[in-house]
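Okay, so here's the structure we're looking at.
The values are calculated or read from the model by the stated rules, or taken from the named source; none is laboratory data. Please read all numbers here as calculations on a predicted model, not as lab measurements. Here Cβ is always computed from backbone atoms with ideal geometry, including for glycine, and neighbour counts include all displayed protein chains.
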Amino acid sequence: MTFGQLVRKNVVRQKRLYIGYIASSSVSVMILFMFMNFVYNPAVVGGYMPAGARMVMLVSGWLVALFSVFFIFYFHTAMLRLRGQEFGLLQVLGMTPKQMGRMVIRESAMIDGVALGLGLLFGLLFTKLFLLAVGDLLVLPMEIPFAVPAKSWLVTCIVFILIFALEGALMAFRIRRRGPKHLLFSSRSRQKPPHPSLLLAGLGVVCVAVGYYLAIAQSVRTLETLIGLVVIIALVVIGTYLIYTQVLVWVLMRLRGRVRTGVALLTVSRLAYRMKDHARALTVIATLSAVVMTGAGTMLGFLSVLKQGDVVRQPFAVMTWTNVNHPLSHTSADLAHQLNASGAKVTQELDATALAGTLQKGTGQRGVYPVSVVSRSTFQRFVTAIQSAHKQVAYMYPDVPKLAVGHALYVASFPVTVPNEFHDTQAKLTVGRDNAASVVVDRQISERTFNFGTTAISDNLLVVSDADFRHLKAIAPPASIWTAHAFTVANPTKVPATMKQQFPSSQVNVAEPTDQSLVGLFSTMIFSGMFISLMMLLACGNTLYFRLLNNRAEDGIQFRALRRIGITHRELGRVLTVEFSVMFFFPFVLAAMHAIVAMIDFRHVLALPGRLWPVSLAVLLAYLAFMVIYFIAARITYPRQLHIDDPRRAR
Amino acid sequence: MPILTANRLVKVYGGEPGAQVRALDGVDFAIEPGEFVAIMGPSGSGKTTLLNILAGLDKPTGGQLVVDGQSVETLSGDALALFRRRKLGFVFQDFNLLDTLTLAENVALPLTLDKYPAREVHKRVEDVMARLGLQESQRRYPYEVSGGQQQRAAVARAIVHQPAIVLADEPTGNLDSASARTLLETFSSLHESHGTTLLMVTHDALAASYSDRVFFIQDGKVYSRLDRDGPRESFFQEILHTLSVLEVKCHDIRPTRP
């Protein structure tokens, strides 16, 4: 047998070990290749594409490469650790460290070559489909032509060959430095009963709690600096690790004193023992899963908020403002006629009277707020109209309370980053020139009842009691009294495009849906994000796979011994079911918690109205579904690999 | 009535007629309750195969095996596991204790698997460990005690559920001579004062000399049998003598096992 044959046999006869690694690596190659095929597609480079799309794909590609570096190193290290005994034996038999290094390099060249080849092949196969999907998402007028430019071959190959070469060299270097004793006995020398420390367990819980607190309660303030973000992530990751190594072990050790049946005793003691070994992998999984779920959840959620936002920005299809100095060329009856004629079909027609004024809080320039004063009943009429026209956002428009004389509500109609300035605040209201009256502003609410975008009158409203409004209107100069007309329609898409041009832009607002190209761009981002998520999911699966492989030899011995004592398959199955559940679902629970906190944080930062949760929760469920499938597959195949009933493997 | 009866046990490995190996070629013997029997034989004689079949880990190709009135070859799968759990006790060469459990928990395992009430488990484990001189090490983990103590814990585990018969596979193989002696004396005392039925497979003449009767097997058959009717020392001499006859016959000098 030559050296080369040894290398080949090492790989081919341990395909079980390498298959997960190859799958993960080739998926990364495939994804990068597809992304690059898009980026360097002549039609994209030359073309009619939204400029951002290419950028999104390019950045995603670099993310894929960066992430591949990490997990390729991580998995290869794990694999070589699994083969520690083999390397130790080879060294005892007289293989020199230099030869070992060479062996590792040649082995990795072989596996990585296979991964690269497979990745390129699958990339090639799926490129057309990928281009079709992206074109569809970007709502392009025509298909992106299929092309596999030389540049994308080049970039993909260079990136991965660099990663693989670096990684192979590093692994070879590391294996050379280990002594045979370390390699041979590394799995045996580390046997100690688990001793969780209550102090560290407490610290772990505190870390996570503080991280959560910073994210939720101090959201915007913490995220102002990058340091805040890093601190939160570090706290949560450390906390997660301690939860595994300390909290969980502590709980298991306590349980152990209480369990009465043999199966429970076995399960609990095995878990407590192995948790320290699992901890690092499970922390990685929990973190990765949290990243995937947060990323997907926030992105998809943001998209849905963006779509919901149309209504919230412009609740009425058409809205006009007029006063004595600014008459309109068409009457409201005219407008209604036009709308009905075009097929938009008016469903509701409202009018309102508003007074232009200013609100002075305290003294000095900073406390001056221009406002449009409306009566409580008018405001409620608009709220009711929106509630009935847009059921899906009705929850954002609660009924307004009755107001006492001298009391008011401040309505910040652009909820994005408007600080909350009013709670039982004494203020001076001026309508017209200098008719100052004193009001108490009870509180501030954030919603938009009048369309955004008309500059004739202030965007922010002051809602006063009907009695106060009558009084204010009586003393207001005619130039500050405005009248609004608003329409809701059944078919917003049929509103004629010409409607807007009939009036000065400061006096009219016609609702337009969010820019389609923005949504398209965003969808592309989500689409490429999906591939990165897929990669991370695979990485999670792979990490678990390695944990299982790590335990397999030991479990084989233990289970065969138990089988001799007379344990049934069902009992062994119960042990495995519980153990796998902890391995697969405990990280999910932690990750889901992290992700939910991150999304609450995101919700604060986003500061846009709209519902994020339904979509985000759907992402969590999809993730859970993936874990369930993986759990079932592992649970079914694992016992078969143990050869429990094979008498020739007595020990 | 014998507690274990092997009747013309045959085990053939390999499917094709040319490549077949007859590991057991019609083994007959019986063990009465309270007996301490040793099985000796050179490597390749079929000892391990015989033990695997007696333990229900492997199925014989032919013949019958009856343990405590139950014919073992008719059982399979989990029924066989339950049979082993209740009727048999095992002592292995490499102890086979679970590292994740303390010695006491290891000993308790056969009982807890059978859902005995906690108090009874506790009492029995205390009893049997005290009998084997392991009171001090109950809460220790296997890797924290010596090989001799590990093997005594394994013996405790093998007898805690009062099995019909205890099967021991080279129990002294991994022990130093002092620990081996202590273990063998433990076997003798279990046998003498508690009437435990023991079957031990060994290649060590000293270990075999602690038994009442030795079966020698060779080429898958019971070649001869030796009954003890005097002091242990003379029995030891007789065993050595028989072994030397066997060695001359098959040119196998001092059989050893890995």
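Numbers below:
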{"read-out": "Any hit, the stretch B:97-105, residues being under 18 Å from A:I557 (Cβ atoms), of a type in the set (D, E, K, R), within 17 Å of the chain's Cα centre (by Cα) and within 9 Å of another protein chain (Cβ to nearest Cβ)", "value": "no"}
{"read-out": "Flag if B:L175 is over 25 Å from B:V27 (Cβ atoms) and part of a loop (DSSP other than H, G, I, E, B)", "value": "yes"}
{"read-out": "Residue match in the stretch B:160-180 (condition: farther than 22 Å from A:I567 by Cβ and among the charged types (D, E, K, R))", "value": "yes"}
{"read-out": "Condition check for A:F559: at pLDDT 80 or above, away from every other protein chain (no Cβ under 14 Å) and crowded, with 17+ Cβ neighbours inside 10 Å", "value": "no"}
{"read-out": "Some residue of the stretch A:541-554 being hydrophobic (A, V, I, L, M, F, W, C), farther than 19 Å from A:A279 by Cα and either within 11 Å of another protein chain (Cβ to nearest Cβ) or in contact (Cβ under 8 Å) with a residue 12 or more places away in the chain (or both)", "value": "no"}
{"read-out": "Long-range neighbours under 7 Å by Cβ, at least six apart or interchain, first residue more than 14 Å from chain A (Cβ to nearest Cβ) and free of Cβ contacts under 8 Å to residues at least 12 places away in the same chain within the stretch B:110-137, second buried (at least 20 other Cβ atoms within 10 Å of the Cβ) and part of a helix (DSSP H, G or I)", "value": "B:Q135/B:M129"}
{"read-out": "Count of residues meeting criterion [in a loop (DSSP other than H, G, I, E, B) and farther than 19 Å from B:L198 by Cβ] in the stretch B:95-133", "value": "10"}
{"read-out": "Subset of the stretch B:109-166 [among the hydroxyl-bearing types (S, T, Y) and either within 25 Å of A:L572 (Cα to Cα) or surrounded by 14 or more Cβ atoms within 10 Å (Cβ to Cβ) (or both)]", "value": "B:T112, B:Y116, B:S137, B:Y141, B:Y143"}
{"read-out": "Unmet requirement for A:M49, which otherwise passes all of (1) modelled with pLDDT of 85 or more; (2) assigned to a loop (DSSP other than H, G, I, E, B)", "value": "(1)"}
{"read-out": "Selection status of B:V91, under 13 Å from the mean Cα position of the chain (by Cα), more than 10 Å from every other protein chain (Cβ to nearest Cβ), surrounded by fewer than 24 Cβ atoms within 10 Å (Cβ to Cβ) and of a type in the set (A, V, I, L, M)", "value": "no"}
{"read-out": "Residues of the stretch B:147-160 classified as at pLDDT below 90 and in a loop (DSSP other than H, G, I, E, B), total", "value": "0"}
{"read-out": "Restricting the stretch B:178-203 to residues that are buried (at least 18 other Cβ atoms within 10 Å of the Cβ) and assigned to a loop (DSSP other than H, G, I, E, B), the residue that is modelled with the highest pLDDT", "value": "B:T197"}
{"read-out": "Flag if A:L235 is surrounded by fewer than 22 Cβ atoms within 10 Å (Cβ to Cβ), at pLDDT below 85, assigned by TED's automatic domain parsing to the domain that holds A:L198 and in a helix (DSSP H, G or I)", "value": "no"}
{"read-out": "Neighbours by Cβ (under 6 Å, 6+ apart or cross-chain): first from the stretch A:207-222, more than 19 Å from A:G239 (Cα to Cα); second modelled with pLDDT of 85 or more and small (G, A, S)", "value": "none"}
{"read-out": "Filtered residue count, the stretch A:504-519, keeping only those that are modelled with pLDDT under 75 and either over 18 Å from A:L339 (Cα atoms) or part of a strand (DSSP E or B) (or both)", "value": "6"}
{"read-out": "Only one of A:E571, A:E579 that is part of a helix (DSSP H, G or I), within 14 Å of chain B (Cβ to nearest Cβ), closer than 23 Å to A:Y241 by Cα and at pLDDT 85 or above", "value": "A:E579"}
{"read-out": "A:G566 within 14 Å of another protein chain (Cβ to nearest Cβ) and surrounded by 16 or more Cβ atoms within 10 Å (Cβ to Cβ)", "value": "yes"}
{"read-out": "Single residue of A:V263, A:V247, A:V284 found to be buried (at least 20 other Cβ atoms within 10 Å of the Cβ) and touching an Asp or Glu at 6+ places or on another chain (Cβ under 6 Å)", "value": "A:V263"}
{"read-out": "Every residue from the stretch A:592-636 that is of a type in the set (V, I, T) and at pLDDT below 90", "value": "A:I596, A:V597, A:I600, A:V605, A:V615, A:V619"}
{"read-out": "Test: residue in the stretch A:595-611 that is in contact with a Leu (Cβ under 7 Å, 6 or more places away or on another chain), assigned to a helix (DSSP H, G or I) and within 14 Å of chain B (Cβ to nearest Cβ)", "value": "no"}
{"read-out": "Residues located in the stretch B:78-88, provided they are within 7 Å of chain A (Cβ to nearest Cβ) and more than 20 Å from the chain's Cα centre (by Cα)", "value": "B:D78"}
{"read-out": "The listed residue being within 14 Å of chain A (Cβ to nearest Cβ) and closer than 26 Å to B:D227 by Cβ, out of B:V67, B:V37", "value": "B:V67"}
{"read-out": "Selection count where residues are within 14 Å of the chain's Cα centre (by Cα) and assigned to a loop (DSSP other than H, G, I, E, B), scope the stretch B:4-33", "value": "0"}
{"read-out": "Count - residues of the stretch B:74-117 that are touching a Phe, Trp or Tyr at 6+ places or on another chain (Cβ under 7 Å) and within 23 Å of A:V268 (Cβ to Cβ)", "value": "3"}
{"read-out": "Check on A:T245, at negative phi, out of contact with any Pro (no Cβ under 7 Å at 6 or more places or on another chain) and either in a strand (DSSP E or B) or within 14 Å of chain B (Cβ to nearest Cβ) (or both)", "value": "no"}
{"read-out": "Matching residues, the stretch B:66-83, being modelled with pLDDT of 85 or more and crowded, with 23+ Cβ neighbours inside 10 Å", "value": "B:V67, B:V72"}
{"read-out": "Residue count, the stretch A:99-148 (criterion: free of Cβ contacts under 8 Å to residues at least 24 places away in the same chain and charged (D, E, K, R))", "value": "3"}
{"read-out": "Residue that is nearest to the other protein chains (Cβ to nearest Cβ) [pool: residues in the stretch A:250-302 that are within 10 Å of the chain's Cα centre (by Cα) and hydrophobic (A, V, I, L, M, F, W, C)]", "value": "A:A290"}
